[in-house]
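Here is the structure we will look at, set down as structure tokens.
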Amino acid sequence: MSLSAFLADRALPVENIKYAASPRFIGEDGRPEEWEIRCVTSTEDEGIRRDCTKRLPVPGRRGQFTQEVDFNLYLGRLASACTVYPNLNDKELQDSYHVMGADQLLKSMLTPGEYAEYLSKIQEINGFSQSVQDEVDEAKN
């Protein structure tokens, strides 16, 4: 056994994938335009998760707090961070949908069903074997 297999230059890169998120966006060839999606790093994911975590007071326990992740916010921000194309931070694109912010643009561009499918694809690409929402539901039971 050798640790050289774990060196950064030996690790296989995670390739971006192409995915037609909606049949409503038609390219010049008459086919649905493909979106490009990338996998985020664990460090990026941790930052997104931290930004979506709130400190909530524990009822009846003065001075005690618990942390709770807003998973809808987390998934929206994760999806926008993973989207390479189209550029969700493009001002012209955001202005055309009358929104501000990449995650808000994504929600405006896609129908609810398309958005749910897109979130599933994002989670798959990032290596989550089961969706984050499934994990939340399972934890509640």
**OP:** Just give me the residues in region 15-54 being of a type in the set (Val, Ile, Thr), farther than 18 Å from TYR118 by Cβ and either in a helix (DSSP H, G or I) or in contact (Cβ under 8 Å) with a residue 24 or more places away in the chain (or both), in sequence order.
**Re:** THR43
Subject >> Close pairs (7 angstrom Cβ cut-off, 6 or more residues apart or separate chains): under 15 Å from PHE128 (Cβ atoms) in region 70-85, of a type in the set (Ser, Thr, Tyr) and assigned to a helix (DSSP H, G or I) anywhere >> reply: ALA79/TYR118
Subject >> Among the candidates GLU44, GLU15, residue that is acidic (Asp, Glu) and out of contact with any helix residue (DSSP H, G or I) (no Cβ under 9 Å at 6 or more places or on another chain) >> reply: GLU15
Subject >> Selected residue [exposed (fewer than 14 other Cβ atoms within 10 Å of the Cβ) and among the basic types (Lys, Arg)] from ARG55, ARG77 >> reply: ARG55
Original post:
Which condition number in (1) within 30 Å of VAL14 (Cβ to Cβ); (2) part of a helix (DSSP H, G or I) is the one that VAL99 fails?
Top reply: (2)
**OP:** Any residue in region 109-128 that's more than 19 Å from PRO23 (Cβ to Cβ) and open to solvent by 50 Å² or more (accessible area, probe 1.4 Å): show its pairings with residues that are among the aliphatic types (A, V, I, L, M) and not in a helix (DSSP H, G or I) at Cβ separation under 6 Å, as long as the two are six or more apart or on different chains.
**Re:** none
Original post:
Are any residues in region 76-96 part of a helix (DSSP H, G or I) and closer than 16 Å to LEU119 by Cβ, and if so, which ones?
Top reply: GLY76, ARG77, LEU78, ALA79, SER80, ALA81, CYS82
Original post:
Given the conditions (1) in contact with an Asp or Glu (Cβ under 9 Å, 6 or more places away or on another chain); (2) closer than 12 Å to LEU106 by Cα; (3) not hydrophobic (A, V, I, L, M, F, W, C), which single one is not true for LYS54?
Top reply: (2)
**OP:** Just give me the residues in region 80-102 being open to solvent by less than 30 Å² (accessible area, probe 1.4 Å) and out of contact with any Ser or Thr (no Cβ under 7 Å at 6 or more places or on another chain), in sequence order.
**Re:** SER80, CYS82, THR83, PRO86, GLN94, GLY101
**OP:** Identify all residues within region 13-30 that are surrounded by 11 or more Cβ atoms within 10 Å (Cβ to Cβ) and of a type outside the set (S, T, N, Q); write none if there are none.
**Re:** VAL14, ILE17, LYS18, TYR19, ALA20, ALA21, ARG24, PHE25, ILE26
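The values are calculated or read from the model by the stated rules, or taken from the named source; none is laboratory data. Every value quoted in this text rests on a predicted model; they were computed, and no experiment measured them. Reconstructed Cβ throughout: ideal geometry from the backbone, glycine too, with neighbour counts over all protein chains shown. The accessibility values were calculated without ligands, DNA or RNA, using every heavy atom of the protein model including side chains. Shrake-Rupley method; radii C 1.70, N 1.55, O 1.52, S 1.80 Å.
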